[in-house]
Structure formats: C-alpha cells, structure tokens
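The values are calculated or read from the model by the stated rules, or taken from the named source; none is laboratory data. Keep in mind that this is a model prediction, so the values were computed, not measured. FYI the Cβ positions are ideal-geometry reconstructions off the backbone, even for glycines, and counts take in every protein chain you see.
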Amino acid sequence: MLLKASFAVLCALSLLNWTNGFSYEGYKVYEIVAHDMTEVHFLRELEKQDGLDFIKKAHHLDDPNDIVVAPKDQENFEKILKGNGLEYKIIVQNVEEIMEAERKATIKPFIGLGHVTFRSYMFHHEMNAYLRRVAAQYPNIATLEHFGTSYEGREMLLIRVSSGPSSNPDVPKPTIFIDAGIHAREWIAPPAALYIIQQLVENPENAALYENVDWAIIPCLNPDGYQYTQEEDRWWRKTRSINANSTCIGTDGNRNFDYYWMHLGASNSPCSDIFAGPEAFSEPETAALRDWFLTNNANNVVKLYITFHSYGSMLLYPWGYDRIVPDDEEDLLQLGNLVAEAIYNANTLRSEYIVNTSALALYEAAGGSDDWVKAVGGVDLSYTIELPYGDSPLPFMNPAYQILPTVQETWAGIIAFHDFIEERFWTNLTTILPSIRRQS
C-alpha cells in the first residue's frame with residue numbers, strides 16, 4: 001500500500017512540475033508585414049529593442065512578422081508603428097489562453113528514470129538518466145562523457161556511439177556530431193537527438209550505421225533555459241546566466257560563438273532575446289562545445305555537424321553571419337537536397353524542407369554554432385536543421401502527439417546524412433588507399 005501511495009505522489013509531483021509560473025495574461029501577438037526594404041530594416045532594428053519577442057520573422061517581402069508584446073509596452077509599441085507608417089493587426093488578443101490550453105494538452109505522465117518517451121516532452125534530468133542507462137546497458141557501443149556544466153550547475157552529458165577503433169589503420173572513422181536545444185523554448189529539438197540515440201543503440205537493425213561511422217550526440221545544450229521553460233516561462237529562449245549591471249538574465253547561445261561575433265543579427269542589450277553576451281563564449285554551455293571541438297577534432301575526424309532547432313522546416317548551412325555563400329556551397333546544397341528528399345519521402349508529416357544558407361533562407365545571425373564549427377572547428381559540412389512547425393497554435397509549441405512523427409521523418413534524413421558521410425569518408429578512402437599502396 002505504501003509503495004502504491006508513493007507512486008501516486010510521484011505522479012502528482014510530475015504533473016505539478018509541468019506548469020509555468022510566468023503568466024502571459026494580456027500579452028498580444030502583432031502581425032506586421034514589411035512591403036519594402038526600408039520597413040524590413042526598421043523591423044530588424046526594432047528586434048534589438050528590449051521587451052519585444054519576434055516569434056516569427058519574415059523570410060521575404062510581404063511575409064508576416066509575428067511579435068509578442070507585453071501589456072505595459074503595447075500602447076508605446078503601437079505609437080512607434082503608426083509613427084513609422086507600418087500597418088499591423090493583432091492576431092492573438094491574449095497569449096495566456098493559448099499557453100493554458102497547451103499546458104492542459106501536454107500534462108506529463110510519470111515515466112521511470114532511465115526510460116525515454118516520444119509521447120511527451122522530457123525533463124533534462126530524465127534525459128541524463130536515459131543516457132546513463134543506455135551507456136550502462138550497452139557498454140560495447142555506447143560511451144558517456146561529461147560534456148560540461150551549465151551556469152546553474154546542471155551536468156551536460158554527451159554520448160558516443162561506435163563499434164570500436166577503425167578496421168583500417170590508414171583511414172580513421174568519420175564522426176557525426178549532433179547537438180540540440182541551445183534555444184530553450186524549442187522543445188521539439190531534444191527529442192530529435194534522443195530518437196537518434198535510441199535508434200542507434202537500442203535498435204539492432206541499425207548496427208550498420210555505427211560500423212564505419214562514429215557518433216557524438218548531446219541532446220540538450222541549454223539545460224538551464226530548458227528547465228526554466230518548463231517551470232516558469234514557456235517562451236524563454238536564452239541561457240540563465242546573470243549579466244553584470246543588468247537585471248535581465250541570459251544570453252542567446254546561438255549568437256555567442258566567436259566567428260564574426262556581433263557582426264549582424266545580434267544585440268548588445270542583455271534584455272534582448274538575441275543578446276550575444278558580454279563577450280564571445282561567455283556562456284559555459286557554448287564554451288563547452290568549443291572546448292570539445294578543439295580537444296577532439298584536432299585531426300578533423302568530425303565530418304558532419306548538425307544542430308537541431310525549430311521551427312520552419314529548413315536545412316540551413318553557413319554562412320549565417322552575412323548574406324554570402326561558402327566556397328563549397330555546391331557540396332552543402334547537394335547533400336542538403338538529398339536529406340530534404342529523404343525526410344519528405346518518410347511520409348510521416350510530408351515536411352518540405354527549404355535548403356539554403358542561414359542568412360539567405362532565414363536572416364543574418366552572427367555568432368552561430370554552425371558558422372563557428374565550419375570556420376574554426378574544422379567541419380566543412382555544417383548544418384542547422386529547423387524542425388517543422390507542425391500543428392503548433394503558435395511558434396515553438398509543437399503538440400506532444402506530433403513528437404513521434406517529427407522525429408521519425410527526421411531520422412530518415414539522418415540516415416541519408418550517414419550514407420553520404422560513410423561513402424565519402426570511409427568507403428571511397430578504404431578502396432583508394434590500398435590501390436595507392438600497391439602502385440607504390
């Protein structure tokens with residue numbers, strides 16, 4: 001009887017913890033359409049202002065921008081728009097009503113520590129428990145590493161999946177590195193990484209995927225912010241570090257990398273959602289990724305970098321810091337198109353991905369991880385995957401029932417990535433090198 005009562009208490013606590021302390025009561029969502037480049041530039045500058053959350057940014061002229069504005073700022077915000085000749089309409093009168101509906105729809109059932117689910121969103125400590133269990137249960141192929149410690153002291157774990165050392169002494173096995181969740185409110189990103197881990201380690205049918213290719217995966221790169229979205233503010237984006245001489249908390253981790261830091265698309269205001277930090281790599285979370293690459297990729301064994309974000313169904317490659325293309329764009333575009341086709345053919349959501357540079361498909365955003373990994377980290381093939389919007393009532397709020405179809409179609413794309421990496425950096429090299437030795 002005591003055991004049953006304890007279980008009931010655990011379930012109740014799990015449900016209670018999956019609520020938000022911050023209220024969006026009275027917050028409105030404004031839709032603004034820019035019709036010329038003058039209006040576009042005005043909105044980009046407006047984005048840097050404190051207290052405005054651009055939850056949807058237009059990719060083209062005459063596309064809508066959606067902006068969340070607090071009650072105390074609405075009157076002045078409307079005056080600014082009218083003063084600059086921008087028309088607007090209010091598409092959500094009270095954001096809290098939508099937040100409350102999401103909370104009721106995504107009440108989290110209790111799951112035992114060490115298990116993974118794709119029917120609801122997990123807590124960070126549950127992700128870590130799953131990684132520990134997998135590493136303990138499958139020690140021949142899964143190895144756990146301490147990746148770093150977040151600002152608030154949460155352990156970030158990375159899991160490596162490998163069949164062991166290379167069978168060819170002349171050809172090191174290529175590695176695919178994957179991270180997710182650097183933006184806290186993008187809840188759909190960590191499940192995509194977790195599903196890859198589950199399919200690699202716990203599905204014997206996928207053993208060939210780690211025979212000649214190694215994997216390094218961290219499912220949550222911003223655990224403090226992620227936890228804060230679950231307990232306090234659902235739309236929190238940044239880390240949770242304290243900023244000197246400011247009451248505003250956190251840094252946008254994906255503006256904090258030291259490649260063209262603060263060039264475009266970033267703010268120097270700690271209260272902005274795109275605050276780039278007081279300096280590059282100011283955040284322990286981004287510094288941990290830097291240190292991993294500088295330590296583990298000196299010989300350039302990492303051949304593919306993937307970072308999961310949401311939203312928009314986009315496969316983005318550098319450069320993000322400005323509207324220019326890399327020298328190897330043909331390679332990046334070709335591979336991106338292969339992956340986009342595989343995702344579409346998976347036939348779970350029929351997501352149609354756009355493939356382009358980050359700046360051209362989305363917007364300029366200097367200080368991103370994909371730019372830094374390509375330019376400094378030594379990985380030519382570097383991608384940001386913006387996962388689908390799904391049936392979200394508002395951005396970043398993918399319903400729990402769409403977690404599984406989203407990660408399943410993404411997995412089809414990951415297989416296409418793997419096949420390309422294996423062929424180019426293993427199969428081709430292992431057949432070429434013996435021939436060269438025979439000729440010599």
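Criterion applied to Ile306, Ile249 was being buried (at least 22 other Cβ atoms within 10 Å of the Cβ), at pLDDT 95 or above and more than 24 Å from Asp63 (Cα to Cα), and the one residue passing it is Ile306.
Going through (1) more than 25 Å from Asn256 (Cβ to Cβ); (2) touching a strand residue (DSSP E or B) at 6+ places or on another chain (Cβ under 8 Å); (3) surrounded by 22 or more Cβ atoms within 10 Å (Cβ to Cβ) one by one, Tyr130 falls short only on (2).
Could you list, in sequence order, the residues of the stretch 268-294 that are under 16 Å from Gln49 (Cα atoms) and crowded, with 19+ Cβ neighbours inside 10 Å? Result: Pro270, Ser272, Asp273, Ile274, Phe275, Ala276, Gly277. Take the stretch 103-125 and flag every residue that is buried (at least 19 other Cβ atoms within 10 Å of the Cβ) and charged (D, E, K, R). Matches in the stretch 103-125: Lys108 only.
Residues of the stretch 37-74 that are exposed (fewer than 14 other Cβ atoms within 10 Å of the Cβ) and under 14 Å from Tyr27 (Cβ atoms): Pro71, Lys72. Within the stretch 172-199, the residues that satisfy the criterion of being among the β-branched types (Val, Ile, Thr) and either under 17 Å from Arg234 (Cα atoms) or not in a helix (DSSP H, G or I) (or both) are Thr175, Ile176, Ile178, Ile182, Ile188. Considering each residue of the stretch 311-323 in turn, at least one proves to be more than 19 Å from the chain's Cα centre (by Cα) and assigned by TED's automatic domain parsing to the domain that holds Ser166.
Within the stretch 264-276, residues that are within 17 Å of Arg185 (Cα to Cα) reach partners that are not in a loop (DSSP other than H, G, I, E, B) with beta carbons closer than 6 Å, at six or more positions or on different chains, in the pairs Asp273/Asp53; Ile274/Arg255; Ile274/Ser267; Phe275/Ser267. Please work out if Asp419 is part of a helix (DSSP H, G or I) and either under 16 Å from the mean Cα position of the chain (by Cα) or not assigned by TED's automatic domain parsing to the domain that holds Thr295 (or both). Against the criterion (part of a helix (DSSP H, G or I) and either under 16 Å from the mean Cα position of the chain (by Cα) or not assigned by TED's automatic domain parsing to the domain that holds Thr295 (or both)), Asp419 does not qualify. Out of all the residues in the stretch 347-358, is one or more farther than 17 Å from Gly312 by Cβ and surrounded by fewer than 23 Cβ atoms within 10 Å (Cβ to Cβ)? Within the stretch 347-358, one or more residues are farther than 17 Å from Gly312 by Cβ and surrounded by fewer than 23 Cβ atoms within 10 Å (Cβ to Cβ). The number of residues in the stretch 310-340 being surrounded by fewer than 16 Cβ atoms within 10 Å (Cβ to Cβ) and closer than 15 Å to Ala412 by Cα comes to 1. With respect to the conditions (1) among the polar types (S, T, N, Q); (2) out of contact with any Pro (no Cβ under 7 Å at 6 or more places or on another chain); (3) over 24 Å from Trp319 (Cα atoms); (4) at pLDDT 95 or above, Gln230 falls short on a single one, namely (4). Test Ala287 against the criterion of being in contact with a strand residue (DSSP E or B) (Cβ under 8 Å, 6 or more places away or on another chain) and either under 21 Å from Pro191 (Cα atoms) or assigned to a strand (DSSP E or B) (or both), and give yes or no. In short, no. Tell me, yes or no, whether the stretch 165-172 has at least one residue that is in the same structural domain as Asn398 (by TED's automatic domain parsing), at pLDDT 95 or above and not hydrophobic (A, V, I, L, M, F, W, C). Within the stretch 165-172, not a single residue is in the same structural domain as Asn398 (by TED's automatic domain parsing), at pLDDT 95 or above and not hydrophobic (A, V, I, L, M, F, W, C). Residue pairs whose Cβ atoms lie under 6 Å apart, separated by 6 or more positions or on different chains, with the first residue in the stretch 133-161 and closer than 24 Å to Ile111 by Cβ and in contact (Cβ under 8 Å) with a residue 60 or more places away in the chain and the second aliphatic (A, V, I, L, M) and not in a strand (DSSP E or B), are Val134/Val201; Tyr138/Val201; Phe147/Ala288; Leu157/Leu131.
With the structure loaded, tell me whether Phe293 is of a type in the set (Phe, Trp, Tyr), modelled with pLDDT of 95 or more and outside any loop (DSSP other than H, G, I, E, B) or whether it fails that test. Here the answer is yes, as Phe293 does meet what is asked. Output the residues belonging to the stretch 281-299 that are among the polar types (S, T, N, Q) and within 18 Å of Asp380 (Cβ to Cβ). Of everything in the stretch 281-299, those that are among the polar types (S, T, N, Q) and within 18 Å of Asp380 (Cβ to Cβ) turn out to be Asn296, Asn297, Asn299.
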